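Rule-based calculations on the coordinates, nothing more; no lab input. All of these numbers come straight from a predicted model, not from anything done at the bench. Cβ sites come from the backbone with ideal geometry, for glycine too, and all protein chains shown count toward neighbours.
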2 protein chains.
Amino acid sequence: MPVYNAPTKDMNFVLHDVLKVSEADIPGYSELEPEFTGAVLEEAGKVATNVLHPLNAVGDTEGCRFENGVVYTPTGFKEAFEQMKEGGWTGLDMPEEYGGQNMPYVLGTAVGEMFSAANQAFVMYQGLTHGAASAILAHGGEEQKNTYLPKMVSCEWTGTMNLTEPHCGTDLGLMRTKAEPQSDGSYKITGQKIFISSGDHDLADNIIHLVLGKIVGGPEGIKGVSLFIVPKFLVKEDGSLGERNAVSVGKIEEKMGIHGNSTCVMNYDGATGYLIGEEHKGMRAMFTMMNEARLGVGMQGLSQAEAAYQNALEYAKDRLQGRDVTGPKNPDGPADPLIVHPDIRRNLMDQKSFTEGARAFILWGATLIDQAHRSGDADADGLISLLTPVIKGFLTDQGYDMTVQAQQVYGGHGYIEEWGMSQYTRDARIAMIYEGANGVQALDLVGRKLAQDGGKHVMAFFEMVKSFCKENAGQDEAYDKAFIEPLKAASKDLQAAGMYFMQNGMKNPNNALAGSYDFMHMFGHVCLGLMWARMAKAAASQLAAGATDAAFYETKINTGRYYMARRLPATAMHLARIQSGADTVMALDAANF
Amino acid sequence: MPVYNAPTKDMNFVLHDVLKVSEADIPGYSELEPEFTGAVLEEAGKVATNVLHPLNAVGDTEGCRFENGVVYTPTGFKEAFEQMKEGGWTGLDMPEEYGGQNMPYVLGTAVGEMFSAANQAFVMYQGLTHGAASAILAHGGEEQKNTYLPKMVSCEWTGTMNLTEPHCGTDLGLMRTKAEPQSDGSYKITGQKIFISSGDHDLADNIIHLVLGKIVGGPEGIKGVSLFIVPKFLVKEDGSLGERNAVSVGKIEEKMGIHGNSTCVMNYDGATGYLIGEEHKGMRAMFTMMNEARLGVGMQGLSQAEAAYQNALEYAKDRLQGRDVTGPKNPDGPADPLIVHPDIRRNLMDQKSFTEGARAFILWGATLIDQAHRSGDADADGLISLLTPVIKGFLTDQGYDMTVQAQQVYGGHGYIEEWGMSQYTRDARIAMIYEGANGVQALDLVGRKLAQDGGKHVMAFFEMVKSFCKENAGQDEAYDKAFIEPLKAASKDLQAAGMYFMQNGMKNPNNALAGSYDFMHMFGHVCLGLMWARMAKAAASQLAAGATDAAFYETKINTGRYYMARRLPATAMHLARIQSGADTVMALDAANF
């Protein structure tokens, strides 16, 4: 049975020593004093460890059931969901007028990491609700907000996102779901949606489906897509629940993982729907949900890696096997613990340096979102828009790989379901796929985000790295060698790749697109390199100031040195691949594969 | 429902155009004319596609059952197993005197790839039998051979390997299973073994367990381990089955994959066992099984990748989504097939260039085994001994990654069990773990094999690469640039890593061991680079000779160009990691992780 310990100490380090959130000039941030964030994180950590984590294996083993048209969640989910609601954990960053607590997104993100690490499948019920509520908040009318948001912020009602159809996922222009205008201003929605996470369940009185469809007679393709609210139960004028809408579950899917979440085929048979925002502008509204969702999914990459790592570490300390080649470390025992072996160390350090780097990356990203939303900072908005596909694609790919490495530490026991390591791998796998498969993230990054606003945001990123290096170099030779130099080299590789795209993508866009996936990974490594350089700097400052917990800060610096020395060199490989161009990638006729 | 097409054409290319097996000076190889191997592979391919493949999903879904002490295999396995026996597919490379067909190992390996690709869990029943029979063949007495081999070669009886115990896997010196000598020369075996593949089932009349245990009073640790034959049913002098032995199934494990194979906890309660070979020399006998098994497991990496790739390719050709950025390729359809997109190409080319390279690598390795065993060639034996951990570790890691990539092509459909792509990933995962986890392979490679016989074999490998480059360079500029130069560079990286180990491993062995995993991967890339250089050469010769199937050979060259340009640059990254030494890997105290 796996364990989960909330990494609140590391979160506090990132929030306060590195990001210095309470000093940031963002509305609401002055409240983020260590005492306050510490208390919130402690409480959230308890919920994660004591309420959500024990249900993680239950959800995996039992899965959801679909009987006589009704979806049942695994044993204990209903009670835990009530606890989440009662504890006020469902609307942390939502506006107070709808019952939320109006906390900065960065704090909600830190809390979300722990919930997701403890039970990804469970947290998706409220995660999708949050995404749907955000879209209504951003694009809905006043009446829609008043009708739905209070109930969704409290999770009395939950939400879903309905995009995918059997024949189209990425290419939503092919969508067939149709919306017929009615005389009362509503629409009749007809079509089939698949892979609907939290599509139906027994946790809430009502489910608010946000559904993409095409208004009959509208423009073809993606330009004719609108977004609708389709409640499971129609809502009467007084806010009470009316009749059942014409939406039903076709089946629930058997999946590789996240068994505790009900992934449904949803059938809309002339269901009553209400337009959100303008006609044919559904994609714009959907992107509000998707961008937030993509950050949340990137976080799942981290959260599953963190949970898996914690267990791999315990096992490596506990399991006795073989002897340290430099001399026994447990001479009185029959063998030394696994952790003495260099290759086990390599494995664990990969994981540790990834999760801590990813945590800093995501929390930094969350501050950019706050800066964009709360301060209306367009530069921050542009930067997080650029980084969103990196956070989603890189962190979920790497996060998955780390769960695989964690499983590997267990040897054969990692393959047996009993030990729980397989579940981390199986659950983490979905994050590379949903909310835009990672190849689509790479395409978004290279095909759209790089050139956005004339390439301003990527230039700002490089400038930021450069300034950081300039400001922090020349004070400590060891730091320069271990952090500044590798960061500069990696950033240079990334710039060279961008230059290659500019020079060769004009001639043939495939020269850029064939390198998009490598570029996304390079970019991720540079971001984590930057995070480690910042964290090492912050840790050194604490040590210089005589911090009592010296071991924590020294470990932080050493973990960063590992990332810079052992992981960052990947950028050169990605650059070599990119610079080989599209030639070998596109050489074959489809028929000759 | 996935498809599987036997890649016989590619196998024939490797066997005849590249390895030129029928011209090789190895006993039995002169029979390997294209007509003969073609006929065997065609027939085997039909069995794989028509008999084994349809049961792959059945095995995954149903799994094995354990009821009232009896293990039942999934529906259809029994009938298919009978077909395998009747077709003579169980003892292809076994000696004729025991009912085998005495075919070269290389042909059995090609057949094995197809069987394993079609149904890995099923083929393990006969695979373990083959391994156990090989150990008896190599180390058993005449009577033991006569008693067990005919039945095992025909798979009338099956076999198992019993190494792992709850508290020890890699470190077999910790073993607790004990063997008490009896007056009749037999032993009473007592202990518990876990993770026993094909441990019990309903496919055979008897199961011959090969069990490692310690004879009471013998030396401590690994030097006191002996190997025993423990039949499920004791065999009477006339060869008929006698009473049930004191060996029973404790339970069958719930695993991430290979559900169709029964993975058992086996309890030995004073079971009658017969010593194989000498007392306390059990590890030597076990290594006979393990080396063969490791090659077989490396092949599983290839086979699952191949099966997954075939399906990803079909899906990429079939699924319409988005448009080719350089202009529509399917203008009359609603969208273009996935395969037009550069990032999908990258994904597919990774897979294709891996599987074809891996196939050549494994078949070449199999010829080395034949050369060692049939010609008594000590150099070939040394070389395959060096390459065994590379074949096992690199091909299973990469093979797994390729199944993940294949799954990714399907988007959300890849995560749904219905489409079968999850099974390839889940099944492939075990190959990185069993028969020595891949970290142990890396340790074997760097800690033992590199220095074996004074480093002679690794020097011979480098010399072989050098000779190949020398002989083949200077005839075709394009070939030199695409193949010879990258191969030289990668081989140079590998040599630099070996040099680093020699220079720094003396001071501190951790400097070598911390780089062992990277070294294993580098070595694998160089081997595949060599294979691609050889294949491209062979393909060019066929084209020059006016081969009718020009598209096949041109595709081969282009696929090779992809590998050299896009995958081989990984060696530089691995070298950089290795050269960063053990410092950052070992920096943390265990308590500070």
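Distance between the C-alpha centres of the stretch A:362-388 and the stretch B:469-517: 45 Å, rounded to the whole angstrom. For chain A, the longest principal axis of the C-alpha atoms and the axis of helix A:77-86 are separated by about 90°. The ranking of A:Met402, A:Met502 by Cβ neighbour count inside 10 Å, starting from the fewest, reads A:Met502, A:Met402. With q set to 0.04, 0.06, 0.09 Å⁻¹, the log10 of I(q)/I(0) for the protein assembly as shown, from the Debye formula over equal scatterers at the Cα positions, is -0.21, -0.49, -1.13. Between the C-alpha center of the stretch A:226-250 and that of the stretch B:163-194 there is a gap of 65 Å. Residue and distance for the chain A Cβ closest to the axis that moves A onto B, in whole Å, come to A:Met573, 2. Using the alpha carbons alone, the radius of gyration of chain B stands to its Kirkwood radius in an Rg to Rh ratio of 0.97. Computed from the Cβ-Cβ distance with R0 of 35 Å, the FRET efficiency linking A:Lys470 to A:Arg448 stands at 0.70. Normalised by the number of residues in chain B, the mean separation of alpha-carbon contacts (under 8 Å, six or more apart) gives a relative contact order of 13 percent.
Reducing the stretch B:37-77 and the stretch A:578-593 to their Cα centroids gives an inter-centroid distance of 36 Å. Between helix B:34-46 and chain B there is an angle of about 70 degrees, using the helix long axis and the longest principal axis of the Cα atoms. With the label put 7 angstrom out from Cα along the Cα-to-Cβ vector, B:Asp318 ends up 4.5 nm from the copy partners, going from closest to farthest. Sorted shortest first, the separations between the B:Gln182 label point and its copies elsewhere in the assembly read 8.2 nm; each point sits 7 Å from Cα along the Cα-to-Cβ line.
Each copy carries a label point for A:Lys251 at 7 Å from Cα toward Cβ; from one copy, the others' points are 3.1 nm away, ordered from shortest. Placing one equal scatterer on every Cα of the stretch A:314-413 and applying the Debye formula, the log10 ratio I(q)/I(0) at q = 0.10, 0.14, 0.17, 0.19 Å⁻¹ is -0.45, -0.66, -0.79, -0.89. Normalised by 2.2 N^0.38 Å, with N the number of residues, the alpha-carbon radius of gyration of the stretch B:8-137 equals 1.15.
How much FRET efficiency would the formula 1/(1 + (r/R0)^6) give for B:Val216 and B:Val3, where r is the Cβ-Cβ distance and R0 is 60 Å, rounded to 0.05? Numbers along the way, then the final one.
Values: r = 54 Å, r/R0 = 0.91.
Calculated value: 0.65.
Rounded to the nearest 20 debye, the dipole magnitude of the stretch A:8-137 is 440 debye, with +1 charges on Lys and Arg beta carbons, -1 on Asp and Glu beta carbons, and the Cα centre as origin. Of the residues A:Thr326, B:Thr158, the one with the fewest other Cβ atoms within 10 Å heads the list, and the complete ranking is A:Thr326, B:Thr158.
Take the Cα atoms of the stretch A:157-280, build their convex hull, and give its volume per residue in Å³.
Residue-normalised Cα hull volume stands at 104 Å³.
The alpha-carbon positions of the stretch B:247-340 define a convex hull whose volume is 152 Å³ per residue.
Net charge dipole, the protein assembly as shown: roughly 1900 debye, given to the nearest 20, about the Cα centre with Cβ charges of +1 for Lys and Arg and -1 for Asp and Glu. Quick check: the angle from helix B:570-579's long axis to the longest principal axis of chain B, C-alpha only, nearest 10 degrees? For helix B:570-579, the angle is close to 60 degrees. Using bins of 10 Å that start at zero, the share of Cα-Cα pairs per bin across the stretch B:454-584 amounts to 13, 39, 28, 14, 5, 1, in whole %.
Listed from fewest to most Cβ neighbours within 10 Å, the set B:Asp269, B:Asp427, B:Asp350, A:Asp476 follows the order B:Asp269, A:Asp476, B:Asp350, B:Asp427.
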